[in-house]
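Peer 1: My questions will all concern the structure given below.
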Amino acid sequence: MDCLFCKIIAGEIPSTKVFEDESVYAFRDIEPQAPEHIIIVPKNHIKSANEITAENSAVIAKIYEAAAKIAKEIGFAENGYRIVNNCGVDGGQTVGHIHFHLLAGRNLQWPPG
Ligand code: AMP
Ligand code: ZN
């Protein structure tokens, strides 16, 4: 399958790994929008939030477990962070493998654009 994040997970495209377990992979975003900008993905290919079902939704809990571990390990858990999932064209999704942006290291504004 021609999927950028599947290739990153497989090591065919280089990435800066931050965390990995049996179901989740996390790496630094190539175009960071905050001092800390990490992408967390399920290792299984799921296209977007629209494809979450009762059969595959357990991995979303794993994503949030990974985020909490990463936040503590890097040291921004105390100050806080934001987890963002963009879905589809209007949501601003540019890579067709579901992913969660973990953003931290500055005071993030609200509402998003
Ligand atoms: P989205 O716009 O929500 O689909 O997010 C895709 C994210 O993937 C963007 O923040 C990109 O900067 C990031 N990205 C694209 N290619 C790479 C790559 N090769 N390594 C790391 N991050 C990437
Ligand atoms: Zn994929």
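Peer 1: Take the range 98-107 and flag every residue that is assigned to a loop (DSSP other than H, G, I, E, B), surrounded by 15 or more Cβ atoms within 10 Å (Cβ to Cβ) and more than 9 Å from ligand 1 (Cβ to nearest atom). Working first, answer last.
Peer 2: Let us first name the residues in the range 98-107 that are assigned to a loop (DSSP other than H, G, I, E, B), namely 98-99, 105-107.
Keeping just the survivors that are surrounded by 15 or more Cβ atoms within 10 Å (Cβ to Cβ) gives 98-99, 105.
Matches in the range 98-107: Ile98, Gly105.
Peer 1: If you don't mind, there's one more thing I want to ask. In a loop (DSSP other than H, G, I, E, B), among the polar types (S, T, N, Q) and within 13 Å of the chain's Cα centre (by Cα) - does that describe any residue in the range 73-80?
Peer 2: Residues of the range 73-80 that are in a loop (DSSP other than H, G, I, E, B), as a first pass: 75-80.
Next, from what is left, pick out any that are among the polar types (S, T, N, Q): 79.
Still in the running and within 13 Å of the chain's Cα centre (by Cα): none.
The answer is no; no qualifying residue exists.
Peer 1: How many residues, within the range 28-72, are under 15 Å from Asn85 (Cα atoms) and either part of a strand (DSSP E or B) or at pLDDT below 95 (or both)?
Peer 2: Here the count works out to 6.
Peer 1: Among the residues of the range 17-39, which ones are farther than 18 Å from Ala77 by Cα and within 13 Å of the chain's Cα centre (by Cα)?
Peer 2: If the condition is that a residue be farther than 18 Å from Ala77 by Cα and within 13 Å of the chain's Cα centre (by Cα), then Lys17, Glu20, Ser23, Val24, Tyr25, Asp29, Ile30, Pro32 are the ones that fit.
Peer 1: Right, here's the next one. Among the residues of the range 1-30, how many are closer than 16 Å to His45 by Cβ and without any contact (Cβ under 8 Å) to a residue 12 or more places away in the chain?
Peer 2: The number of residues fulfilling the criteria is 6.
Peer 1: Would you confirm, using the coordinates I've provided, whether Glu55 is closer than 28 Å to Arg106 by Cβ and over 13 Å from the mean Cα position of the chain (by Cα)?
Peer 2: no
Peer 1: Tally time: how many residues in the range 72-113 are in contact with a strand residue (DSSP E or B) (Cβ under 7 Å, 6 or more places away or on another chain) and touching a residue at least 60 places away in the same chain (Cβ under 8 Å)?
Peer 2: Qualifying residue count, the range 72-113: 9.
Peer 1: Okay, moving on. Quick one: which residue in Ile74, Ile70, Ile40 is buried (at least 16 other Cβ atoms within 10 Å of the Cβ), of a type outside the set (Asp, Glu) and within 16 Å of ligand 2 (Cβ to nearest atom)?
Peer 2: Working: Ile74 fails: within 16 Å of ligand 2 (Cβ to nearest atom); Ile70 fails: within 16 Å of ligand 2 (Cβ to nearest atom).
Being buried (at least 16 other Cβ atoms within 10 Å of the Cβ), of a type outside the set (Asp, Glu) and within 16 Å of ligand 2 (Cβ to nearest atom) holds for just one of Ile74, Ile70, Ile40, which is Ile40.
Peer 1: Could you tell me which residue of the range 1-14 is farthest from ligand 2 (Cβ to nearest atom), considering only residues that are part of a loop (DSSP other than H, G, I, E, B) and farther than 15 Å from Val95 by Cα?
Peer 2: If we filter the range 1-14 for residues that are part of a loop (DSSP other than H, G, I, E, B), which is where we start, we get 1-3, 11-14.
Filter again for farther than 15 Å from Val95 by Cα, leaving 11-12, 14.
Details: Gly11: 14, Glu12: 12, Pro14: 16 Å.
Looking at residues that are part of a loop (DSSP other than H, G, I, E, B) and farther than 15 Å from Val95 by Cα, I get Pro14.
The values are calculated or read from the model by the stated rules, or taken from the named source; none is laboratory data. Bear in mind that the values here come from a model prediction, so they are computed numbers and not experimental data. So basically every Cβ, Gly included, is an ideal-geometry build from the backbone, and we count neighbours across all protein chains shown.
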